[in-house]
Amino acid sequence: MPAIHVRDLSRVTLDRLKARAKRNDRSLQAEIKTILEEAAGTDWTRTRTVAAKLRKRLANRIHSDSADLITADRRAR
């Protein structure tokens, strides 16, 4: 399998990747591989199909403005 080498990665980024790997109970290599596979594997056709279905399902509903709800909640305090 081909290898990829990443140079000049910041210490902060490396630490975040290590923490993420630990949270997911994976090695650093496995975590980075998972991230890359997810990023490269985005199926935009499927994503658009799901989004269209959601828009259709929610089309005739009245949705409240969350900003108005938050403002009302803050004023009630």
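Can you report the number of residues in the stretch 18-37 which are among the acidic types (Asp, Glu) and either closer than 18 Å to residue 5 by Cα or surrounded by 12 or more Cβ atoms within 10 Å (Cβ to Cβ) (or both)? Break it down into steps so the answer makes sense when it comes.
Initially, the stretch 18-37 is screened for residues among the acidic types (Asp, Glu), giving 25, 31, 37.
Now narrow it down to the ones that are either closer than 18 Å to residue 5 by Cα or surrounded by 12 or more Cβ atoms within 10 Å (Cβ to Cβ) (or both): 31, 37.
Count: 2.
Check residue 45 against each of (1) within 30 Å of residue 1 (Cβ to Cβ); (2) at pLDDT 95 or above and name the one condition it does not meet.
Result: residue 45 passes all but (2).
If you scan the stretch 1-17, which residues turn out to be among the aliphatic types (A, V, I, L, M) and loosely packed, with under 11 Cβ neighbours inside 10 Å? Walk me through how you get there before you give the answer.
Residues of the stretch 1-17 among the aliphatic types (A, V, I, L, M): 1, 3-4, 6, 9, 12, 14, 17.
Matches in the stretch 1-17: 1, 3, 4, 6, 9, 12.
The values are calculated or read from the model by the stated rules, or taken from the named source; none is laboratory data. Everything numeric here is computed off the predicted structure, so don't read it as measured data. Cβ sites come from the backbone with ideal geometry, for glycine too, and all protein chains shown count toward neighbours.
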